[in-house]
Amino acid sequence: MADKPLRDLRLDTPATSTPAPRVEFPCDYSLKIVGDASDDFHDTVVAVVETHAPGFDRESIRVVDSRNGKFQSVRLTIVATGKPHLEALFAALKATGRVHMVL
C-alpha cells in the first residue's frame, strides 16, 4: 500500500496542499481556561487575564462546570496583540498552579 499524504478532514483536502492560515494580529482571541472547580477559580483567571489584557470584554466571560463538577472552564475573549502576548498570558495562567489547560 502506497503512503498517502495525511488529510485535514475538516477541509477534506490533502494536508500538503495549503498550510492553515496564520493568525493576523491584533485580533479577537477566544480562550478556554480549565482548572479544578472552586468558588474563586473564575476570580483568579480574571485577575491574571486583566493584567495581560486590560479592559477585555467581561461580557464575554462564560463559566462552565464539568459534568461531574470536578473541573471548571472559564471562556472569554481578549484582543491579542501577538504571539509573545499570548505566551506571556499562558505562562502567567500556568504560574497560578490552578490552571490545567488553556485552549
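The values are calculated or read from the model by the stated rules, or taken from the named source; none is laboratory data. Since the model is a prediction, treat every value here as computed from it, not as a measurement. Because the Cβ atoms are built from the backbone with ideal geometry, glycine has one as well, and the counts that use them run over all protein chains shown. Quick note on the areas: whole protein, heavy atoms, side chains included, nothing else; ligands and nucleic acids left out. Shrake-Rupley method; radii C 1.70, N 1.55, O 1.52, S 1.80 Å.
With a 1.4 Å probe and all protein chains left in place, how much of the accessible area of the range 27-102 comes from carbon and sulfur atoms, in whole percent? Provide the component values of the computation, followed by the final result.
On the way: 2320 of 4470 Å².
Taking all protein chains in place, the range 27-102 shows 52 percent carbon and sulfur surface.
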Exercise for the section: Starting with the highest mean, order 57-69, 84-96 by the number of other Cβ atoms within 10 Å, averaged over the residues of each peptide. Expected result: 84-96, 57-69
Practice task
Please work out, to two decimal places, the log10 of the ratio I(q)/I(0) at q = 0.23 Å⁻¹ from a Debye calculation in which every Cα of the range 50-103 carries one identical scatterer.
Solution key: -1.04
Problem - From phi via Karplus (6.51, -1.76, 1.60), per-residue ³J(HN,Hα) for the range 54-64 in Hz, x at Gly/Pro - result: x, x, 4, 6, 5, 5, 7, 5, 9, 10, 10
Problem - Where labels lie 7 Å past Cα in the beta-carbon direction, separation of Cys27 and Ala92 in nm - result: 2.2 nm
Fill in the blank from the handout: Relative contact order in percent for the range 42-103 (Cα pairs under 8 Å, 6+ apart) equals 31 percent
Completion exercise
Taking placed amide H atoms and a strict 5 Å upper bound, the residues 5 or more places from Ala37 or on another chain that come that close are Phe71, Gln72
